[in-house]
1. Residue check, Val125 against (1) β-branched (Val, Ile, Thr); (2) out of contact with any Ser or Thr (no Cβ under 7 Å at 6 or more places or on another chain); (3) crowded, with 22+ Cβ neighbours inside 10 Å, all met but one. Which one?
2. All but one of (1) buried (at least 23 other Cβ atoms within 10 Å of the Cβ); (2) in contact with a helix residue (DSSP H, G or I) (Cβ under 6 Å, 6 or more places away or on another chain) hold for Ile102; state the number of the condition that does not hold.
3. What is the number of the single condition among (1) modelled with pLDDT of 90 or more; (2) part of a loop (DSSP other than H, G, I, E, B); (3) hydrophobic (A, V, I, L, M, F, W, C) that Ala221 does not meet?
4. What residue, among those in segment 224-243 that are assigned to a helix (DSSP H, G or I) and in contact with a strand residue (DSSP E or B) (Cβ under 8 Å, 6 or more places away or on another chain), is nearest to Gly8 (Cα to Cα)?
5. Working only within segment 146-158, note down all residues that are closer than 16 Å to Val185 by Cα and touching a residue at least 40 places away in the same chain (Cβ under 8 Å).
6. When only residues in segment 74-124 that are among the hydrophobic types (A, V, I, L, M, F, W, C), assigned to a loop (DSSP other than H, G, I, E, B) and under 14 Å from the mean Cα position of the chain (by Cα) count, which is farthest from Gly136 (Cα to Cα)?
7. Starting from residues that are closer than 17 Å to Phe84 by Cβ and of a type in the set (D, E, K, R), keep the ones in segment 21-67 and report whichever is surrounded by the fewest Cβ atoms within 10 Å (Cβ to Cβ).
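The values are calculated or read from the model by the stated rules, or taken from the named source; none is laboratory data. These numbers were taken from a predicted model, which means no experiment stands behind them. Here the Cβ positions follow ideal geometry from the backbone for every residue, glycine too, while neighbour counts run over all protein chains shown.
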Amino acid sequence: MSEKELAGKVAIVTGAGRNIGRAIALHLAQAGASVVINVRSNKTEADNVLREIEAAGGKATAVLGDVSDEKTAFALAEAAINRFGRIDFLVNNAALRREKPITEMSYADWREVMGVILDGTFHCVHACLPAMRKNGGTIINIGGMSAHIGSKDRAHVMTAKTGLVGFTRALAHDLAAEKITANCVVPGAIDTRRPVSSQAPAHHLTHGTISGERGKPEDVAAMVRFLCSPGGRYVTGQTIHVSGGGYLGS
């Protein structure tokens, strides 16, 4: 890949305030894309990513809001069009990764997770498609390894992330004629910044990697950058694991 292979392109990245989302936003900006950063509510995190991109000579804008509300999705699309004139890449990274036993899980708990991961992805795709149809483009949904290997106390998260795989395949079929690709990138055990009070996900404690090392957010971002690049145009409908061999399924 050339250093600025995405020059002139525009990306929207949800859940971009920290960890994997932040790394994706920075990588796409490094490749030359203008980036619309979305965070749910933490303006400080959004501003920090914005400043990082601009300090490196890139272009970005930030939109706060919960993607489970379709108004946020349309605000993201509107910001991309008004500020940068087009939409080429949509990265649906926003997610809630709660842990709760199914015996204690309320329907509200279930719907909160589904609302962000599945409904949010649906809303963002719908909001961005009118602009993406003009030039083709790339949709990347960020999955979860627990949906493929299983995990305790994550029925809502696993169901939602598994749903993303099916939605990705459907998008690949439905949008192929529009020159829009769709893929699901699945991070493995990635070292990310978590609140001091939280523990590592249960499946991180039971599933290692072939390399013996945990991945970095930048490892996932590099795959997203490739799929957005000209070299990734022939890849669509795929579920791609970035897990250091933590998952070896087909």
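1. (3)
2. Of (1) buried (at least 23 other Cβ atoms within 10 Å of the Cβ); (2) in contact with a helix residue (DSSP H, G or I) (Cβ under 6 Å, 6 or more places away or on another chain), only one is false for Ile102: (1).
3. Looking at each condition in turn, Ala221 falls short on (2).
4. First, the residues of segment 224-243 that are assigned to a helix (DSSP H, G or I): 224-228, 230-232.
When the remaining residues are screened for being in contact with a strand residue (DSSP E or B) (Cβ under 8 Å, 6 or more places away or on another chain), the result is 224, 227-228, 232.
On the way: Val224: 17, Leu227: 16, Cys228: 13, Gly232: 17 Å.
It comes out as Cys228.
5. Once the filter is applied, which keeps residues that are closer than 16 Å to Val185 by Cα and touching a residue at least 40 places away in the same chain (Cβ under 8 Å), segment 146-158 yields Ser146, His148, Ile149, Val157.
6. Leu96
7. Glu54
Yes or no, residue by residue, for (1) surrounded by 20 or more Cβ atoms within 10 Å (Cβ to Cβ); (2) out of contact with any Lys or Arg (no Cβ under 9 Å at 6 or more places or on another chain); (3) aliphatic (A, V, I, L, M):
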| position | (1), (2), (3) |
| --- | --- |
| Pro130 | no, yes, no |
| Ile139 | yes, yes, yes |
| Ile149 | no, yes, yes |
| Lys152 | no, yes, no |
| Ala155 | no, no, yes |
| Ala160 | yes, yes, yes |
| Gly163 | no, yes, no |
| Thr168 | yes, yes, no |
| Ile180 | yes, no, yes |
